[in-house]
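Chemist: One structure is given below, represented as structure tokens, and several questions about it will come after.
The values are calculated or read from the model by the stated rules, or taken from the named source; none is laboratory data. Remember, predicted model here, so these are calculated numbers, not experimental data. Cβ: placed from backbone, ideal geometry, glycine included. Neighbour counts: every protein chain shown. Just the protein is used for accessible areas: all its heavy atoms, side chains included, with ligands, DNA and RNA removed. Shrake-Rupley method; radii C 1.70, N 1.55, O 1.52, S 1.80 Å.
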Amino acid sequence: MRSVSIFGATGSVGESAFDLLMRAGGADAFRTIALTGGRNALRLAEMARALRAEIAVIADEDRLPDLREALAGTGIEAAAGDAAIDEAAQRPSDWSLSAIVGAAGLMPGLRVAQRGGTLALANKESLVAAGPLLMGEARRSGATILPVDSEHSAIFQCLDCGKLDSVEHVTITASGGAFRDWPLERLPFASVAEASSHPNWDMGQRITIDSASMFNKALEVIETHEFFGLTSDRIRVLVHPESIIHAMVSYSDGATLAHLGPPDMRHAIGHALNWPDRAPLPVAGLDLAAIGQLTFRAPDEGRWPALRLARQVIDQSGAAGAVFNAAKEQALDDFIAGRLRFTDMAGAVEHALDIAAGRPHFGTSPADLDAVLAWDRAARRDAAGWSPAGKD
Ligand code: NDP
């Protein structure tokens with residue numbers, strides 16, 4: 001029986017993975033080692049009971065009494081805090097899903113890579129902030145990393161038919177998010193509620209806002225660079241409002257292979273769960289006649305400065321990814337808290353990158369998690385210190 005762990009089980013991606021596991025036989029088909037959540041102890045306990053997990057870990061230590069009570073009498077271990085998540089990630093499991101949001105997801109993914117497991121990677125921040133470290137650990141231990149982000153899963157699947165060295169470029173698509181068609185002058189006044197509604201995908205709030213600002217696509221451009229080793233000039237972004245084509249791979253002989261599917265994350269998660277095989281998934285088939293037409297447009301970098309910053313980060317390399325990711329997370333926190341306007345997030349991130357570029361060792365990739373987190377902390381401070389008026 002295959003053993004599995006889910007880090008971030010109570011989130012949007014985690015729930016989709018749970019759904020797939022339950023439909024595929026649940027506790028009778030999988031031996032669940034660890035499930036983790038952030039604050040939602042009761043949902044975590046329900047999932048742990050349903051899958052008869054070995055251990056359930058909640059990041060917020062104040063929620064441990066609730067978790068313990070909800071798991072009383074089941075024999076399932078209950079634990080809390082980052083150290084407990086770390087310990088759970090070190091427990092051997094055949095397949096582990098990294099689906100915690102943000103930099104908090106770095107550590108469990110890195111642990112799975114270090115122990116040579118199969119890591120299904122939804123947490124894009126891992127590759128952005130610590131790509132060389134994560135990929136290096138995977139090479140050293142023989143770990144397999146499978147992309148779960150839909151665009152990277154799409155590239156991965158199109159590459160099955162070709163060789164990376166004959167790839168001319170890849171194209172990842174972007175829906176354009178909530179403000180795709182808003183007049184530019186209205187963008188500074190976009191509210192958190194307006195930014196939290198995605199036209200096509202049903203996702204967590206943070207990634208939904210990042211889709212509206214295109215910071216999500218910027219993260220994915222960097223993720224593509226780290227995962228597939230492509231330089232920034234070989235990674236293109238195309239606005240595709242219908243979100244049916246997720247990515248395309250263009251080969252040197254002029255052929256372009258595209259991956260199409262309805263916008264449902266269970267497709268990419270299921271692909272990673274079943275890989276290298278394919279198995280039926282509970283996702284709708286593609287009815288192109290019903291869709292009628294697919295449309296495309298070039299991204300406007302005036303509207304989405306995050307895309308320019310992504311290329312800058314790839315070209316700078318070294319610690320730039322860790323800085324970019326952390327500054328973006330801080331700017332997003334500040335937007336959600338009402339301290340920054342929607343259009344000011346890019347300014348805060350650029351400011352943090354400018355300051356970091358003047359610090360020693362910026363050009364060197366962080367060698368371990370502590371080094372990544374040191375850049376992360378400094379970048380959050382720098383981004384938080386920025387204001388549009390430049391007074392700080
Ligand atoms: P959600 O916000 O829905 O879920 C995040 C998960 O992480 C929850 O389980 C949450 O717990 C947990 N969590 C939050 N903070 C912490 C913390 N400090 N320590 C430990 N656990 C924590 O996010 P998504 O599911 O949308 O996204 C997860 C990851 O997958 C992100 O990196 C995202 O970029 C990526 N991704 C998401 C896609 C999507 O469709 N949603 C698509 C492609 C990639 P709790 O809810 O209990 O507080």
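Chemist: If you take every DSSP beta bridge fully contained in the chain, what fraction is antiparallel? Give it as a percent rounded to 5.
Modeler: Bridges in the chain are about 25 percent antiparallel.
Chemist: Within 10 Å of each candidate Cβ there may be at most 16 other Cβ atoms; applying that plus a DSSP loop requirement, which trypsin sites (Lys or Arg not before Pro) in region 1-80 survive?
Modeler: 39, 52
Chemist: GNM on the chain, C-alpha springs below 10 Å: top fluctuator among 124, 163, 328?
Modeler: So, out of 124, 163, 328, the one fluctuating most is 163.
Chemist: Have a look at 303, 359, 140 and tell me which one the Gaussian network model of the chain (Cα, springs below 10 Å) gives the largest fluctuation.
Modeler: Among 303, 359, 140, the largest GNM mean-square fluctuation belongs to 359.
Chemist: While we're on this one: Keeping all protein chains in place, calculate the accessible area per residue for region 16-83 (probe 1.4 angstrom), answer in Å².
Modeler: 47
Chemist: A further question follows. So which residue, out of 122, 337, 346, gets the largest mean-square fluctuation from a GNM of the chain using Cα contacts under 10 Å as springs?
Modeler: Maximum fluctuation in the GNM of the chain, among the listed residues, is at 337.
Chemist: Also, I was wondering about something else. Whole number please: convex hull volume per residue, Cα atoms of the chain, in Å³.
Modeler: Taking the convex hull of the Cα positions in the chain, it is 140 Å³ per residue.
Chemist: While we're here: Pick out, in residue order, every one of the GluC sites (Glu not before Pro) in region 294-392 that is DSSP loop and has at most 16 other C-beta atoms within 10 Å; say none if there are none.
Modeler: Qualifying residues, ordered by number: 301.
Chemist: Cα-based count: Lys pairs in the chain below 28 Å, eight or more positions apart or different chains?
Modeler: 6
Chemist: Taking θ = phi - 60°, what integer Hz values does the Karplus form 6.51 cos²θ - 1.76 cosθ + 1.60 yield along region 287-301, in sequence order, with x for Gly and Pro?
Modeler: 10, 5, 5, 5, 5, x, 8, 10, 10, 9, 8, 6, x, 9, 6
Chemist: Also: Carbon and sulfur together cover what percent of the accessible area of region 3-106 at a 1.4 Å probe radius?
Modeler: 47
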